[in-house]
Amino acid sequence: MPFLTDMYHEQNRRADGEPVAAKGADAKRPPGSFDPGTLASTLGAKVLGQDAAVEAVVRAVTLATAGAADPYRPLANLLLVGPTGVGKTELVRQVAAELRAGPDDLCRVDMNSLAQEHYAASFTGAPPGYAGSKEAFTVFDRSTVEGDAYRPGIVLFDEVEKAHPTVLRALLHVLDNGTLRLANGTESISFRNTFVFLTSNLGSTELAKRRGAGWRRVTDRIGRRAGAVAAKVTARGHHAVVTGALRDFFDAEFLNRIDETVVFSEFDAATAERVADLQVDQLRQRLARRSVHLEVDRSVRALLAEVGFDPVYGARGLGRSVRTVLASPVAEAVVRARPAGREPLHLVATAIGGSVVVEPSEPER
């Protein structure tokens, strides 16, 4: 009963004449205990090829768990930057799955929907005299923002660069002081028990131009001699491009409130194959819930990575290839094999001539 315990200790401090912590500071409770190594391995298994991003998140959670975070600011302000489809949003979802009730147990704010000034009221609520001011309606879900004594809140500001400048100015106070004063003047939302994530695609266009201009060919030639050197050259080049784009777009006072900027890497061919394997396994799990056992030949996985791999679209391109190249023929085979029944079904998928063939088979005994 932590609340009763806190009240008991507070009464004792008052009786002894000791100073009592302010309500805002006392409300800051670290998330539950965890093992950093376990969290890193779990996130790394779900978000592939982004070890630096996983390490940054684990650092932030470790600081908050140890009580080392500033009690008058959010637990962490992390800016996740990189090309589309490389796992920025998925990383936040997996953090929510580990720290809260599931991957969707977070407050996600699509900043693209706040691109116009007249929509900015949904961020801080309607001002006095306007419809909805008494109800204090905002885009925030208090339960997932403020968390509780046992779980931190998690907020994702997706594509933050697309928000109207009025919204960004309101966001400054959240990042700096951990509170958002609503426009009605009577209520506020606390972010002091909250992990704040912001995502951005700034710099992606410049990275695509570099890729087209032969930057990747240069690093590939280096890579044939020393793969580690090529990886470092590419990472440093990407980081410089992204950092420059952020400084050109955002004011210094905004960037100065970010605890850590994490630059996500583009997918390479090896990571694409691992992502394809992960998505195939997810498809197999969905089918297993319908009593359909799918066996996928290695040739199919290689075909999916070859067809779907595109550094511009990242994992989303691989997801489309899994859907069109593999899931569609599997669905047709399921419908043909059991149009009305629900009996268990065993299917084998193989790649023949650049396409996937799915046939029923007898399970091994």
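A few notes on this one:
- E187/Y150 FRET efficiency (R0 22 Å; Cβ-Cβ; nearest 0.05): 0.35
- Model label zone, S291; criterion: amide N under 20 Å from point 7 Å along Cα-to-beta-carbon; scope segment 304-330: 330
- Loop sites in segment 260-365: chymotrypsin sites (Phe, Trp or Tyr not before Pro), DSSP, at most 14 other Cβ within 10 Å: none
- Label-to-label distance, S355 versus D141, with points set 7 angstrom from Cα along the beta-carbon direction: 4.3 nm.
- Near L198, the amide H atoms lying under 5 Å from its own belong to L78, L79, L80, F157; only residues 5 or more places off or on other chains count, and H is placed 1.01 Å from N.
- A simple spin-label model places the labels of L172 and Q282 3.8 nm from each other, with each point 7 Å out along Cα-to-Cβ.
- Using a simple spin-label model with pseudo-atoms 7 Å out from Cα toward Cβ, A337 and T38 lie 3.7 nm apart.
- Distant-in-sequence amide H partners of R100 (H built 1.01 Å from N, under 5 Å): none
- Around the amide H of H293, modelled in the peptide plane, lie the amide H atoms of L345, H346, L347, all under 5 Å away and 5 or more residues distant in sequence or on another chain.
- Taking 15 Å as the cut-off, the amide N atoms of segment 76-97 that come nearer than this to a point 7 Å along the Cα-to-beta-carbon line of A45 belong to 94-95, 97.
- Under Karplus coefficients 6.51, -1.76 and 1.60, residue-wise ³J(HN,Hα) of segment 158-172 in Hz, glycine/proline x: 8, 6, 4, 5, 8, 6, 5, x, 4, 5, 4, 5, 5, 5, 4
- The calculated pair-distance distribution of segment 269-360 uses every alpha carbon pair, bins of 10 angstrom beginning at 0, and gives 18, 50, 25, 6, 0 percent.
- Amide N proximity, segment 261-292 versus T243 label position 7 Å along Cα-to-Cβ, cut-off under 15 Å: 261-264
- Potential lengthening of the chain between E306 and L63 amounts to 83.4 nm, from the contour at 0.36 nm per residue minus the alpha-carbon distance.
- What the phi angles of segment 70-82 give under the Karplus curve with 6.51, -1.76 and 1.60, with θ = phi - 60°, is a coupling list of 5, x, 10, 9, x, 4, 6, 10, 10, 9, 9, 10, x Hz, glycine and proline written as x.
Throughout, read-outs are computed from the coordinates displayed, never taken from laboratory work. Being a predicted model, the structure only gives us computed values, none of them experimental. When we count neighbours, we look across all protein chains shown, and the Cβ atoms used for this are built from the backbone with ideal geometry, even at glycine.
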